[in-house]
Amino acid sequence: MPAINESLALYSERFILLAGIAYAIAFIAFTWDLVQNSKTTRNVLQQSQAAAGGQVRTRETVAAASRTSAASGAGFTEVATGPEGRAERPASRPTGAGAGAGTADDSMRYGSVRRNPARIAVALTALAALIHAAGVVCRGLAAGRVPWGNMYEFCTTGGMVVAVVFLLVLTRRDLRFLGTFVVGLVLVMITAASVAFWTPVGHLVPALQSYWLVIHVSIAVMSSALFTLTFAMSVLQLLQSRREAAGADGRTDRLPFLRLVPSALSLENMAYRINAIAFVGWTLTLMFGSIWAEKAWGRFWGWDTKEVWTFVIWVVYAGYLHARATRGWTGARAAWLSIVGYLCVVFNFTIVNIYFSGLHSYAGVGS
Amino acid sequence: MPSLPPPSAVPPSSAVPPPAPQQPVEKKFVPSTSHTSPDDVALPRLGLTGTLRWAWRQLTSMRTALFLLLLLAVAAVPGSLFPQRPANPSVVTKYLQDHPGIGPVLDWFKLFNVYSSPWFSAIYLLLFISLIGCVIPRAIAHYKAVRSTPPRTPRRLSRLPEYGTLEIPAASEVTPRQAMQDAAAALKSRGYRVDLRDADGERPSVGAERGFLKEVGNLLFHTSLIGVLVSVALGGLFGYSGQRVLVEGETFVNTLVGYDTFTPGTSFDSNQLEPYSVRLDRFQVTFDRESKAHYGQPLDFNATLTTKSSPTAAEEQQTLKVNDPVALGGTSIYLVGNGYAPVVTVRDGAGNVAFQGPVVAVPTDGAYTSLIVIKAPDAQPDQLGFVGFFLPTALQDEKGVAFGSDPDPFNPQLNLNSFYGDLGLDDGTPKNVFTLDTSGLTQLNGRDLDAGGIVLAPGASYTLPEGKGSISFDGIKRYVALDIHHNPGQLAALVFAVLALAGLVGSLFLTRRRVWVRTGSHPDGRTMVEYGLLARGEDHRLAGEATAIRKALAQRWLAEPSEVAEDSKEAQRSAGRVDATQDGK
Ligand code: HEM
């Protein structure tokens, strides 16, 4: 077993601290981006409110007409591809009004409008993630093993994976509207790690000395990072669809920052795509966990608390996938399932790790 | 602006009745969405078979599956909130003692046995019945779909989610028929199954479909889940597991009497046990001595075993570690615990040895502060019992109370209270060897008694008051707690799990698509081509596929793009406009 390098561990903690500062500034920049855009769009919005409301109603009539009579094909331009039942729902986003003022595109590709605060925020997040990664790598080198062996390390490494996954997705899609949430969450994670879960660097107890720790936990953390993104999208989807309903009724827009956010339908579709990937990841987590349990305890499934919650999460997301194919369960209900699934992930990671005893009790808290 | 094809490019379709509005929006295979079928309502007139069929349709509906799945998730939760008998019987007993009011009620609801309770079983059995009822009709439907030709070409391709047009210049001299053959070839090379229609007619078309494996994946996934469940059940029926504590120097023989506890499956037969033997030669523990923060944390547990696969076989040396089981005679042996076993000798009032040997002490903390119970039922004239703790490294606090400070045996110490009388072992009821029932006993030693407690270092001995005998602490050995498992369903479960995973990936990420291409001649000699794509299920890459097909076709014919291919939404919109004009005629 390689010797513990205490000074490297010290560097690691300094890196994490620096990363925390950078994330905090990025958080402010992301928030500034939302606020600024809300302000500029509010003006445009007020001017075009009446027009937008009218327009939406026209669209809905057109869409409705297209469903009852085949005379018009125009309704289909409003139909986004989606699972059965959902395709019939018109995309009732109040599009058009204020589109030039940074409204997100439904395809979530980058538009032509430059949002400087958001660009600064992304750059800062990338910098923070880099420092954060240095901290995590130092911790691993200091301990001579993978840096995920106790709650402190789960939180610091998990936070880094959340940030990196977010940045990776950003290279393909404009999800900057999630920045405040994601960076805020990473900040919470590394703060919790440093304040509540801090554990000095050390070797692994024999129960954790297995290459399955590397495989099982890394996939679990990556899937959780993806679930984090879809959780935020599902919450926004619910807000957005309420706002869309309000917009269709011509009521005032009380959440103008949501103009930066794509339509509820696009959020739902994007969340579904990411959830599908994360679900495969979680299935692997479950399978590798079982294989490890078989190696360690002689049974691949024993309904240990941690196993129970991993199973519950898996079933909830399986339910989510089903809901997306079940009439009447798409849209808001599916979004709620995605949210409940994520709450289970958080519960499994925090409450179960800290308060529930079981074979998996090696969070390294309190002992 | 690229010009749109004139409305007459494609012969107008207004002569035929317009398709039903929902036609382009494909229904998926959901075998029984009975909630939508009108005959549900007429329940009273269905009769017995009708009712059964109705119930079956309800059970196998997608909505029920979803409901049962969510119910399963909820039902699994209590098992993590309450202690479970199969895993922690003693914790359940203690819980029942501590909660005499609510405990039995919870027990009645099987909340200490959630995963074998009737209600939990009912949920997953219903779910799997529903699953079977779902998979079979789907499999049949898919088999038929695979064997049938792609569906007929819709009248108005422009209503499909992806639509575009191409025109082949008259100079290229590509006839509509030739164009369709080319299109069929192009689609075929992209993995589509193609069907050429109306080849010699005025408007030949191609219907194409690909991605049948998506549905195969879905069926494989669901079927494999049944496989996993069956494997687990078979493993439970024919498997067995047992525990054995083995002190250094002791030998375990794989027979029923060799186990401390044994849990057979329902169909277990003791002839299944192969009489191999395992001797624990040495058990080594390494504790962290470098780190200040984790000083004394275990780093390595290492058991050296001598095994014999049968009584007559040759001896073999093997190493057993945590996360690294030893396989022997169809079973696997796991290292799940360890501790100290102080070796003691108890002499009775007559001076005879009443007990001698190692006594397993149960560690309670990281410093291996271990509970120990010693029983000497053979002692005369009174049986003797001792209870106390063993400390590998004993220190004393200000009040003179000894406590354990390190897991290694730097200063081993036995702290005991002694009793004499009736140990209660003679009535034949099994007794826990780790507890001492003091109801029939009189205390001899203890902190509160005049005689005080017994404190022994290795090599020391103590004479009990009232001439009841003596006890000596002869040395220490280590022991390991072994779990021995045989699960014949394990490999099958793994195979099905892997199949399920493969099916899941195919089902989620493959795409089932249909493409139709149709041509017609423009009076000026150009060959006009239109195409439309439709996905079954979620498919965010349909637009990309449309672009790729368009490119492939354009390359073949050097056709002029009749509109911007990049933005197919735009194409769709303009197509809508074209259609609207046509319909307006
Ligand atoms: C053991 C319980 C079940 C689990 C864990 C489960 C899990 C899943 C998962 C993860 C998917 C998404 C992957 C895919 O799209 O193929 C799925 C899809 C599907 N399941 Fe299940 N399922 C279960 C039971 C059932 C039952 C009982 C039915 C029939 C009523 C059913 C019908 C379907 C259908 C039709 C789809 C396809 C949905 C789509 O096309 O998007 N499943 N299931």
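In this structure, does B:Ala186 turn out to be among the small types (Gly, Ala, Ser), in contact with a Lys or Arg (Cβ under 7 Å, 6 or more places away or on another chain), more than 16 Å from the ligand (Cβ to nearest atom) and modelled with pLDDT of 90 or more?
So B:Ala186 passes the test.
Can you run down the residue pairs with Cβ atoms below 6 Å, 6 or more apart or on separate chains, where the first is in the range A:108-136 and without any contact (Cβ under 8 Å) to a residue 24 or more places away in the chain and the partner is assigned to a loop (DSSP other than H, G, I, E, B)?
A:Val113/A:Gly102
Just checking, which of A:Trp309, A:Trp303 is in contact with a Phe, Trp or Tyr (Cβ under 6 Å, 6 or more places away or on another chain), aromatic (Phe, Trp, Tyr) and within 8 Å of another protein chain (Cβ to nearest Cβ)?
A:Trp303
I'd like the residue in the range A:193-210 that is closer than 26 Å to A:Leu286 by Cα and more than 9 Å from every other protein chain (Cβ to nearest Cβ) and, out of all such residues, is modelled with the highest pLDDT.
Looking at the filtered set, the residue picked out is A:Ala193.
Restricting attention to the range B:97-152, and to residues there that are assigned to a helix (DSSP H, G or I) and among the hydroxyl-bearing types (Ser, Thr, Tyr), which single residue is nearest to the ligand (Cβ to nearest atom)?
B:Ser130
For the range B:53-72, name all the residues that are in contact (Cβ under 8 Å) with a residue 12 or more places away in the chain and either near the ligand (Cβ under 10 Å from one of its atoms) or on the phi > 0 side of the Ramachandran plot (or both).
Correct list: B:Leu59, B:Thr60, B:Ser61, B:Met62, B:Arg63, B:Thr64, B:Ala65, B:Leu68, B:Leu69, B:Leu72.
Hey, among the residues in the range A:341-359 that are among the β-branched types (Val, Ile, Thr) and in contact with a helix residue (DSSP H, G or I) (Cβ under 6 Å, 6 or more places away or on another chain), which one's nearest to the ligand (Cβ to nearest atom)?
Ranking the candidates gives A:Val345 first.
Being modelled with pLDDT under 95, within 12 Å of the ligand (Cβ to nearest atom) and over 30 Å from B:Gly296 (Cα atoms): is that true of A:Ala323 here?
Judged against the criteria, A:Ala323 is a match.
Working carefully through the options B:Ala341, B:Ala350, find the one that is of a type outside the set (Phe, Trp, Tyr), closer than 30 Å to B:Ser461 by Cβ and either within 11 Å of chain A (Cβ to nearest Cβ) or touching a Phe, Trp or Tyr at 6+ places or on another chain (Cβ under 6 Å) (or both).
B:Ala341
Kindly indicate whether any position in the range B:253-275 is within 14 Å of chain A (Cβ to nearest Cβ), touching a residue at least 60 places away in the same chain (Cβ under 8 Å) and in a strand (DSSP E or B).
The answer is no; no qualifying residue exists.
Right, B:Leu219: within 16 Å of the ligand (Cβ to nearest atom) and more than 14 Å from chain A (Cβ to nearest Cβ) or not?
In short, yes.
Out of the residues in the range B:231-252 meeting the condition of being assigned to a helix (DSSP H, G or I) and more than 14 Å from every other protein chain (Cβ to nearest Cβ), tell me which one is farthest from the ligand (Cβ to nearest atom).
Looking at the filtered set, the residue picked out is B:Phe238.
Any residue in the range B:328-353 that's within 15 Å of B:Leu305 (Cα to Cα) and in contact (Cβ under 8 Å) with a residue 24 or more places away in the chain: show its pairings with residues that are among the small types (Gly, Ala, Ser) and surrounded by 20 or more Cβ atoms within 10 Å (Cβ to Cβ) at Cβ separation under 7 Å, as long as the two are six or more apart or on different chains.
B:Ser332/A:Gly298; B:Tyr334/A:Gly298; B:Leu335/B:Ala303
Could you tell me which numbered condition B:Arg155 fails, if it satisfies all but one of (1) surrounded by 20 or more Cβ atoms within 10 Å (Cβ to Cβ); (2) outside any helix (DSSP H, G or I); (3) within 14 Å of chain A (Cβ to nearest Cβ)?
Tallying (1) surrounded by 20 or more Cβ atoms within 10 Å (Cβ to Cβ); (2) outside any helix (DSSP H, G or I); (3) within 14 Å of chain A (Cβ to nearest Cβ), B:Arg155 fails exactly one: (1).
Would you point out which residue out of A:Ala278, A:Ala264 is within 19 Å of the chain's Cα centre (by Cα) and within 14 Å of the ligand (Cβ to nearest atom)?
Unique residue meeting the criteria: A:Ala278.
Given the criteria crowded, with 17+ Cβ neighbours inside 10 Å, outside the structural domain of A:Leu18 (by TED's automatic domain parsing) and farther than 23 Å from A:Tyr11 by Cα, does A:Leu213 qualify?
Yes, satisfied.
If you check A:Val235 against the conditions, is it within 22 Å of A:Arg173 (Cβ to Cβ), more than 11 Å from every other protein chain (Cβ to nearest Cβ) and surrounded by fewer than 23 Cβ atoms within 10 Å (Cβ to Cβ)?
The answer is yes for A:Val235.
Kindly indicate whether any position in the range A:185-198 is outside any helix (DSSP H, G or I) and more than 17 Å from A:Gly20 (Cβ to Cβ).
No: the range A:185-198 contains no residue that is outside any helix (DSSP H, G or I) and more than 17 Å from A:Gly20 (Cβ to Cβ).
Among B:Leu299, B:Leu335, B:Leu371, which is the only one that is in a strand (DSSP E or B) and away from chain A (no Cβ under 14 Å)?
B:Leu371
Among what's in the range B:472-498 and is surrounded by 18 or more Cβ atoms within 10 Å (Cβ to Cβ) and within 16 Å of the chain's Cα centre (by Cα), pick the residue that is nearest to B:Thr261 (Cα to Cα).
Checked the range B:472-498; the qualifying residue nearest to B:Thr261 (Cα to Cα) is B:Asn487.
Could you grab me the full set of residues in the range B:515-554 that are crowded, with 22+ Cβ neighbours inside 10 Å, closer than 30 Å to B:Thr175 by Cβ and within 16 Å of the ligand (Cβ to nearest atom)?
B:Leu534
If you check B:Ala303 against the conditions, is it more than 30 Å from B:Ala379 (Cα to Cα) and within 34 Å of the chain's Cα centre (by Cα)?
Yes.
The values are calculated or read from the model by the stated rules, or taken from the named source; none is laboratory data. Since we're looking at a predicted model, the values are computed, not measured. Quick reminder, even Gly has a Cβ in these numbers, built from the backbone with ideal geometry, and neighbours come from all protein chains shown.
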